[in-house]
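These notes are about the structure you will find just below.
The values are calculated or read from the model by the stated rules, or taken from the named source; none is laboratory data. All of these numbers come straight from a predicted model, not from anything done at the bench. Here the Cβ positions follow ideal geometry from the backbone for every residue, glycine too, while neighbour counts run over all protein chains shown. For accessibility, only protein heavy atoms count, side chains too; no ligands or nucleic acids. Shrake-Rupley method; radii C 1.70, N 1.55, O 1.52, S 1.80 Å.
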Amino acid sequence: MKTFAKIMYVILGVLMVICGISCMFTPISTTSILGYVVGLSMIFDAIGRFINWYQEKKDGVADGWMLAGSILSAVFGFFILNSTSLQLGIDVFIVYYSAVWLLVLGITIIVRACRLRRIHKNWNTKLLGTHWYLPLCFGILLGIFGILCMFKPLIMASVIGVFVGLGVIVAGANLITLATTTEEA
């Protein structure tokens, strides 16, 4: 890797780590811009699809569906970026969807724990299902947290903001590691 690229990776990585720390200290603000991020992602997706379609067109294998998909992604992305109500709707959807997901995940873990208990009891196993109560407790706690987040969405928004911050920090650390561990070509 060239020295300039290494320096750029380190700079971008450090900036990402700083942004991630900022996201963790302001999790509600972080969650409140997710709709904007979705809109930008749709536009970047549209650009990538268009470039891919153009390359395939030069190779003679392009179809109109890829071009139509890129145009639709761009149109929806611009609608989202220019509509605060759509951005807010996406933010609210992500928060409530995540809360419901936690509840459903808790229920499935509870069901699995009950099945483990039944297997342990019916077959008198030494290892399988011995600690069935641990996933049961975890599932109950996860379900309660999911319900709590449905009634208090700011809690879920905070959790999402912290996890977004952690993800950005990890991505920045990966860039720094990539720059410092690769050898000059």
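Convex hull volume of the Cα atoms in the chain, per residue, in Å³?
On the way: hull volume 40.7 nm³, N = 185.
Taking the convex hull of the Cα positions in the chain, it is 220 Å³ per residue.
Restricting the trypsin sites (Lys or Arg not before Pro) of region 85-143 to loop positions (DSSP other than H, G, I, E, B) with no more than 13 neighbouring Cβ atoms within 10 Å leaves Lys126.
Which percent of the accessible heavy-atom area of region 105-185 goes to carbon and sulfur, probe 1.4 angstrom?
Details: 4030 of 5540 Å².
For region 105-185, the apolar C and S fraction of the accessible surface comes to 73 percent.
Apply 1/(1 + (r/R0)^6) to the Cβ-Cβ distance of Phe78 and Leu15, taking R0 = 25 Å, and write down the FRET efficiency to the nearest 0.05.
Details: r = 27 Å, r/R0 = 1.07.
Taking R0 as 25 Å, the efficiency between Phe78 and Leu15 is 0.40.
In sequence order, region 69-82 has phi-based couplings of x, 5, 5, 5, 4, 5, 4, 5, x, 5, 4, 5, 5, 9 Hz under the Karplus curve 6.51 cos²θ - 1.76 cosθ + 1.60, θ = phi - 60°, and Gly or Pro positions carry x.
Ellipticity at 222 nm from helices only: DSSP H runs of n ≥ 4 in the chain, each -39500 (n - 2.57), divided by the residue count, give -30500 deg cm²/dmol. Residues whose amide H comes within less than 5 Å of that of Ala62, counting only those at least five positions distant or on another chain, are Lys57 (H built at 1.01 Å from N in the peptide plane). Rolling a 1.4 Å probe across all protein chains gives Cys19 an accessible area of roughly 70 Å². Accessible surface of Ile109, taken over heavy atoms with a 1.4 Å probe and every protein chain present, rounds to 40 Å².
Would region 114-182 count as rounded, prolate or oblate if I go by the C-alpha gyration tensor, calling it rounded below 1.5 in a/c and otherwise prolate when a/b exceeds b/c, oblate otherwise? Please list the in-between numbers first.
Working: a/c = 7.03, a/b = 1.59, b/c = 4.42.
Oblate shape, in that a/c is at least 1.5 and b/c is the bigger or equal ratio.
Taking 16 Å as the straight-line reach from the Cα of Lys152, the aspartates and glutamates in range (excluding those fewer than 8 positions away in the same chain) are Asp91. Once all protein chains are placed together, Val17 keeps about 40 Å² accessible to a 1.4 angstrom probe. Solvent-accessible surface of region 103-159, taken per residue with a 1.4 Å probe and all protein chains present: 72 Å². Note on Thr130 and Val92: their simple-model spin labels are 5.0 nm apart, each label 7 Å out from Cα toward Cβ. Spacing of the modelled spin labels on Trp101 and Asn174, each 7 Å from Cα toward Cβ, amounts to 1.7 nm.
Determine the share of region 1-94's accessible area contributed by carbon and sulfur atoms, expressed in whole percent, with a 1.4 angstrom probe. Numbers along the way, then the final one.
Values: 4710 of 6220 Å².
Roughly 76 percent of what the probe reaches on region 1-94 is carbon or sulfur.
As a length-normalised measure over Cα pairs under 8 Å and 6 or more apart, the relative contact order of the chain settles at 41 percent.
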